[in-house]
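First comes the structure, then the notes that go with it.
The values are calculated or read from the model by the stated rules, or taken from the named source; none is laboratory data. Here the structure is a predicted model, which is why all the values come from computation and not from measurement. Quick reminder, even Gly has a Cβ in these numbers, built from the backbone with ideal geometry, and neighbours come from all protein chains shown.
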Amino acid sequence: MDASRLVVISGGPGAGKTTVLLELERRGFRCAAEVARGIIQEQAREGGDALPWGDRERYCRLMLERSIASYREHAALNGITFFDRGIPDTLCYARLIGSPLEDEIVAACRMYRYEEHAFLAPPWEEIYSTDEERKQTFGEAVRTYGLMVKAYGDCGYEVVEIPRALPKERAEFIVGKLPT
């Protein structure tokens, strides 16, 4: 394979995306880490306020900047890269908070394109949990997922829902759905 193929795995919080990505990585695929969680960890470590429960506008701007940087970094590589969330996730967040950055984010979504299939993990109450970076209730996760499906659809992606299954089965489903 001599061209880059950038594939998004997304969905609402706590739906098992990162676990599936770890399984794909175990199988030898390159995976790009989630930008949003990294920002939260960095801001907490440094005492910053660019957080979903702090300066949400600044957090949104950082998500956009770092998502574009991650895209560019991986677009320069040959082969498949699976992303733990993509630039349309920033659009979803901007809509969730009513950010004035929406037009800028839509332009970025048009410019930086992933593979046409966006794999989204649906809300799954049995595995949902909160932690230091994920503070949403399950109800908020369900609402976020609906907005996520709309954001990816609005950006021209074909949304493929990942079945609720073991990580191994989810990884097989995703790999099996990739266009050849």
Count of residues meeting criterion [in contact with a strand residue (DSSP E or B) (Cβ under 6 Å, 6 or more places away or on another chain), surrounded by fewer than 20 Cβ atoms within 10 Å (Cβ to Cβ) and at positive phi] in region 52-93: 0
Identify all residues within region 37-52 that are closer than 16 Å to Asp89 by Cβ and in contact (Cβ under 8 Å) with a residue 60 or more places away in the chain; write none if there are none. Arg37, Ile40, Pro52
Quickly run through region 1-51 and pick out the residues that are of a type in the set (Ser, Thr, Tyr), within 28 Å of Glu125 (Cβ to Cβ) and surrounded by fewer than 23 Cβ atoms within 10 Å (Cβ to Cβ). Thr18, Thr19
Candidate set: region 151-169, residues that are in contact with a strand residue (DSSP E or B) (Cβ under 8 Å, 6 or more places away or on another chain) and outside any loop (DSSP other than H, G, I, E, B); chosen: the one surrounded by the fewest Cβ atoms within 10 Å (Cβ to Cβ): Glu158
Would you be able to tell me the number of residues in region 144-180 that are farther than 24 Å from Cys109 by Cα and aliphatic (A, V, I, L, M)? 3
Residue pairs within 8 Å by beta carbon, gap of at least six or interchain, first lying in region 112-134 and surrounded by fewer than 19 Cβ atoms within 10 Å (Cβ to Cβ) and assigned to a strand (DSSP E or B), second charged (D, E, K, R) and modelled with pLDDT under 95, listed first then second, are His117/Lys177
